[in-house]
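Participant: There's a structure below that I have some questions on.
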Amino acid sequence: MHNTPSLPELQRQFAAAMLGDAPTPLNAWVLGKGLTPEARLQIYRNIVTNNHAAALRTAYPGVLQLVGEDFFESAAARYMRDCPTHSGNLQDYGADFAEFLAQLPEASSLAYLPDVAHLEWARQESYLAADAESVAITVLADVKEPESLRLQLHPSLRLLTSAYPVLDIWQFCQQSTTEQLDLSGKQQRVLVWRDGAQVSMQAVDAGTHALIVALLHGTPLAGAHEGALHAKKDFELSACLHWLFTTGLVTSLTAS
């Protein structure tokens, strides 16, 4: 006679059964209805595995293209087992896939792979981020001391710095070509944002990157400009601001 487990215990056993294929105490409480309890659980296990793998394929098409279907499916299965999700939302699944890939010995020859994964997760976050109305550049005409302004940037904005030409690599993965991947490019700083219903990306220079990082941290425009000039001596603030406003990335202005 088995002692009836509590509902939380049954739920824990069910979650463990979905992530592994070893015999589980849950078998004693499963009605097979023509199947063995383990065979019945395997049906659910297959559904969970397929759904999680599909979520990773959707979030990481570039990684899939770089490593191939077989490697990706194997990595996805190991990731599901070793890094179980703590969210009931599949859109959250895969947040630390880049870190997982960085630890895989089999992927060590693709040193840029984790950065491609980071870029793809930045795209995922950007697409799902909250929306906000942008402000027109004409508002600057009424500002007497623009250097004291703090600029609020769009919630979908993400930044990534890579030692590799990560945006070029990602774009290569989206093409049908027999050409070899060119890794001769230098490091890239990539800005990711949502433009309407589409995710946009652009490589930016060191000055623009420094300015945006400072603005995201709430630094007034004067201080952000100083940091941008330190990163790139010929940085042009007016051109950068014009681009930020016309791209719709500035959502509000406040005086310090």
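Conditions tested, residue by residue: (1) touching a helix residue (DSSP H, G or I) at 6+ places or on another chain (Cβ under 6 Å); (2) exposed (fewer than 13 other Cβ atoms within 10 Å of the Cβ); (3) of a type in the set (G, A, S).
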{"position": "E133", "(1), (2), (3)": "no, yes, no"}
{"position": "T138", "(1), (2), (3)": "no, yes, no"}
{"position": "H154", "(1), (2), (3)": "no, no, no"}
{"position": "S162", "(1), (2), (3)": "yes, no, yes"}
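Participant: Step by step: first the residues of segment 181-197, then only those that are modelled with pLDDT of 95 or more and not charged (D, E, K, R), then the one that is nearest to the chain's Cα centre (by Cα). Which residue is that?
Facilitator: Only one residue tops the list, namely V192.
Participant: Could I ask something else about it? Using the structure shown, decide if A77 is of a type in the set (G, A, S), in the same structural domain as L244 (by TED's automatic domain parsing) and over 18 Å from the mean Cα position of the chain (by Cα).
Facilitator: No; evaluated as a whole, the condition is false for this residue.
Participant: Also: Identify, by number, the condition in (1) under 22 Å from V192 (Cα atoms); (2) loosely packed, with under 12 Cβ neighbours inside 10 Å that A95 doesn't meet.
Facilitator: With (1) under 22 Å from V192 (Cα atoms); (2) loosely packed, with under 12 Cβ neighbours inside 10 Å applied to A95, the lone miss is (2).
Participant: Among the listed residues S252, S176, S238, identify the single one that is among the polar types (S, T, N, Q) and either outside the structural domain of A132 (by TED's automatic domain parsing) or in a loop (DSSP other than H, G, I, E, B) (or both).
Facilitator: Being among the polar types (S, T, N, Q) and either outside the structural domain of A132 (by TED's automatic domain parsing) or in a loop (DSSP other than H, G, I, E, B) (or both) holds for just one of S252, S176, S238, which is S176.
The values are calculated or read from the model by the stated rules, or taken from the named source; none is laboratory data. Note that the coordinates shown come from a computational prediction; the quantities given were computed from them, not determined experimentally. Every residue, glycine among them, receives a Cβ derived from its backbone with ideal geometry; neighbour counts consider all protein chains shown.
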